Amino acid sequence: MFSLEQLVSFVAVAEELHYGRAAERLSMTQPPLSRRIQLLERELGVELFDRTHRTVRLTPAGRVFLAEARKILRSSQEATLYVRRAKRGEVGVVTLGFTATAAYSYLERVLAAATAEVPGVDLVLREMTTSAQVEELLADGLDLGMIRPPVIGGDIVTLPLWREPLLAALPSAHPLARRKKNPEIRDFDGERFIMYSPSEGRYFHDLLVAVFRAARVLPSYTQYPSQVHTVLVLVKADLGVALVPAAAAALRFEGVVLRPVDGIDGRPVELELMWRRGNDNPALGALLTAIGKLARRGRQSLVD
């Protein structure tokens, strides 16, 4: 089998059509260059050059092989550059998990940051619940996860990404939707309310229980779906009112009015990024740098 060294020598002679100039170009003497070409011809079983005392010309087989040799050398150079870029994390593949609500708004920001900062990194996206993401991360099925806290695990590292308020989701004909001022948290006391599932929708379930307990409010729970979009469907069907993350506004459900709620402190809905300590994917580090910049800008906007 021929070597890259032989191909480089052949291309130099083919382009110079002169052994002396080709040897000078390669910073070597002519005899070893001649031996390389002879060995290459022997391995290929064809003559690549017509040689006379005065001229060197490519044979028909030599012209065909020159095009192929250039392709091989170009591919070799590209492979070398690619693997060096991969080592620096400039290219590669990262598998990113995300919750359904994260897809409504923040996922788009992450994708934009990745495209701008590390365009050579391909993202494989997987929509999953927080618990499923944790399982996949620990089993090396994910590199990154966009999850709802808290997540406990000795090998798991988390980074706060974003916080957002809760909004009241109201049927458009509901009295709270028709009045001018925003609803207050105490307006939900005794109100038919669509609550999140304590198992599949545990994060939002526990969050709302804490919000209502702090306000000394007890709604009348009617349904227990797990996903925000299902909650909005049930609100539209007038099965009750609900509280949803502000990102749900991106869903634009006709017949559902979203309103800020007075009496709920700050932005209680949290989104975090998680990864496993010791993950040796070089592209992960580069992507984390890009998302870290995005997260810092987000936290600064909360301060401002």
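Filtered by the rule that a residue be touching a strand residue (DSSP E or B) at 6+ places or on another chain (Cβ under 8 Å), assigned to a helix (DSSP H, G or I) and not hydrophobic (A, V, I, L, M, F, W, C), the stretch 1-40 gives a lone residue, TYR19.
Determine which member of the set LEU161, LEU138, LEU176, LEU125 is surrounded by fewer than 16 Cβ atoms within 10 Å (Cβ to Cβ) and touching a residue at least 60 places away in the same chain (Cβ under 8 Å). Step through it out loud before you land on a result.
Details: LEU161 fails: surrounded by fewer than 16 Cβ atoms within 10 Å (Cβ to Cβ); LEU176 fails: surrounded by fewer than 16 Cβ atoms within 10 Å (Cβ to Cβ); LEU125 fails: touching a residue at least 60 places away in the same chain (Cβ under 8 Å).
Just a single option satisfies the conditions, and that option is LEU138.
Taking residues in the stretch 41-64 that are at negative phi, and partners anywhere that are polar (S, T, N, Q), the pairs with Cβ atoms closer than 9 Å and at least 6 places apart or on different chains are GLU43/GLN6; VAL46/THR59; GLU47/THR59; LEU48/THR59; PHE49/THR59; ASP50/THR59. Can you spot a residue in the stretch 4-23 that is surrounded by fewer than 15 Cβ atoms within 10 Å (Cβ to Cβ), out of contact with any His (no Cβ under 7 Å at 6 or more places or on another chain), within 30 Å of VAL121 (Cα to Cα) and not polar (S, T, N, Q)? Yes, the stretch 4-23 contains at least one residue that is surrounded by fewer than 15 Cβ atoms within 10 Å (Cβ to Cβ), out of contact with any His (no Cβ under 7 Å at 6 or more places or on another chain), within 30 Å of VAL121 (Cα to Cα) and not polar (S, T, N, Q). Evaluated against (1) touching a Gly at 6+ places or on another chain (Cβ under 7 Å); (2) at pLDDT below 95, SER199 falls short on exactly one condition, (1). Please enumerate the residues belonging to the stretch 107-164 that are in contact with a strand residue (DSSP E or B) (Cβ under 9 Å, 6 or more places away or on another chain), closer than 20 Å to ASN281 by Cβ and among the acidic types (Asp, Glu). Hits for the stretch 107-164 are ASP122, GLU136, ASP140, ASP143, ASP155.
With respect to ALA86, determine if the residue is under 30 Å from GLN133 (Cα atoms) and modelled with pLDDT under 95. It is true that ALA86 is under 30 Å from GLN133 (Cα atoms) and modelled with pLDDT under 95. Of all residues assigned to the stretch 62-80, none qualifies as being more than 30 Å from GLU41 (Cβ to Cβ), part of a helix (DSSP H, G or I), modelled with pLDDT under 95 and aliphatic (A, V, I, L, M).
Please determine whether any residue of the stretch 215-224 is surrounded by 20 or more Cβ atoms within 10 Å (Cβ to Cβ), modelled with pLDDT of 95 or more and in contact with a strand residue (DSSP E or B) (Cβ under 9 Å, 6 or more places away or on another chain). Quick ask: steps written out before the conclusion?
At the first step, the residues of the stretch 215-224 found to be surrounded by 20 or more Cβ atoms within 10 Å (Cβ to Cβ) are 219.
So of that shortlist, the ones also modelled with pLDDT of 95 or more come out as 219.
Filter once more, so that each one left must be in contact with a strand residue (DSSP E or B) (Cβ under 9 Å, 6 or more places away or on another chain): 219.
Checked against the condition, which is being surrounded by 20 or more Cβ atoms within 10 Å (Cβ to Cβ), modelled with pLDDT of 95 or more and in contact with a strand residue (DSSP E or B) (Cβ under 9 Å, 6 or more places away or on another chain), the stretch 215-224 yields at least one hit.
Please find, among LEU243, LEU234, the residue that is part of a helix (DSSP H, G or I), over 15 Å from LEU107 (Cα atoms) and modelled with pLDDT of 95 or more. Exactly one residue qualifies, and that residue is LEU234.
Those strands (runs of 3 or more DSSP E) of the stretch 102-214 in which at least 2 residues are under 30 Å from VAL257 (Cα atoms) and more than 30 Å from the chain's Cα centre (by Cα), considering only elements entirely within it, cover 166-171, 192-194.
The values are calculated or read from the model by the stated rules, or taken from the named source; none is laboratory data. Predicted, not measured: the structure shown is a model, and the values here were computed from it. Here Cβ is always computed from backbone atoms with ideal geometry, including for glycine, and neighbour counts include all displayed protein chains.
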